[in-house]
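Just below is one structure, and these are the notes that go with it.
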Amino acid sequence: LAASSIGSASILARSRPDLYSSFTFNNHYYTASFLLPSSVCVPAGDGEVCGEGPPASTHSHNWNYGFVTPGNGDCAGQSFEVDLRGNYPVPDAPYQVILLQMEPEMRSHGNWNASTGLIDLIDEPPTECDLLARRQAINITSASWGAFTPGFSLDSSHAAVAAWPQGWHWAGGIPLVDGSSRVAGTTNVFSADAGAVRKPFNCHTSMVSAAAGVIAGMEALGLPTADCMDHITASFPPPPPPPVSSEQMVACIMSCDDATLSAYRSCNMACHGMYSPSPPPPPPPPA
């Protein structure tokens, strides 16, 4: 069963509404703002705000990177992704900066509506930890990119989108037998897309759906999913250590040279993803 998370849930509901009528989905949520090239000015109050980014002759393509918020004693940090949507092929257009909340605690509830043949969706309100993570992520990202655009803001009252809409990265929802991708209440139906995922994930749904499809196919064939690892030969280096603290991360960002976007971008990404304390000095030689 691989018709997308909501599509697969709809198939189940149409087939057996007595068994499948309510679903719990997860999603990614985002906010957005803009960086302005130096050739672009926008109205602001009684005057205008002009960008401090690259000149009009400079193009920028799409790229992204991620970081984890520090959290606090009650809330764990959460993963966020920063996407810069470039202005190619129009060099004097703004750059869009999107901040995605990848692993929120909040969920979306869906109920099958037989009269319309659709699933009615209602988002839970964000939890206190979700709200804390958003504030921390906004502060970190604004420290990152505010150097290029005066007035740059990802706060919901000034952002380029309504307050944290869902990213249409629906996942979960499909009821499964514990420890399996088999749909609960069936003997031979397996969930083979993002509908099988129980909680949010720190990547796009495409990769997760592909992995779920492989697992479902192996289960349907009666093969142990542990055999999947027999086909993976690549080795991956361990991830870099996380930042010591959000304060040190922001201090690193603020020290970046903002003379050019490329230099600033490289430094910015290094501060987010690779900042770690300096190693301690070697011990003195024995006397």
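The values are calculated or read from the model by the stated rules, or taken from the named source; none is laboratory data. From a predicted model like this one, the values you see are computed outputs, not experimental measurements. As a convention, Cβ positions derive from the backbone with ideal geometry for all residues, glycine included, and neighbour counts pool all protein chains shown. We work out accessible area using only protein heavy atoms, side chains counted, and drop any ligands, DNA or RNA first. Shrake-Rupley method; radii C 1.70, N 1.55, O 1.52, S 1.80 Å.
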Inset, instruction - For Ala56, state whether it is at negative phi, modelled with pLDDT under 75, in contact with a Ser or Thr (Cβ under 9 Å, 6 or more places away or on another chain) and surrounded by fewer than 20 Cβ atoms within 10 Å (Cβ to Cβ). - result: yes
Inset, instruction - Restricting attention to the range 107-133, report how many residues are part of a loop (DSSP other than H, G, I, E, B) and among the charged types (D, E, K, R). - result: 2
Inset, instruction - Test Tyr30 against the criterion of being under 15 Å from His169 (Cα atoms) and either open to solvent by 50 Å² or more (accessible area, probe 1.4 Å) or modelled with pLDDT of 90 or more (or both), and give yes or no. - result: yes
Legend entry - Residue identified as at pLDDT 70 or above and at negative phi among Gly47, Gly51, Gly86: Gly47
Inset, instruction - Scan the range 188-205 and give yes if some residue there is among the aromatic types (Phe, Trp, Tyr), surrounded by 15 or more Cβ atoms within 10 Å (Cβ to Cβ) and modelled with pLDDT of 90 or more, otherwise no. - result: yes
Legend entry - the range 160-187, residues that are surrounded by fewer than 18 Cβ atoms within 10 Å (Cβ to Cβ) and among the charged types (D, E, K, R): Asp178
Legend entry - Residue identified as farther than 28 Å from Val208 by Cβ and at pLDDT 85 or above among Thr127, Thr69, Thr116: Thr116
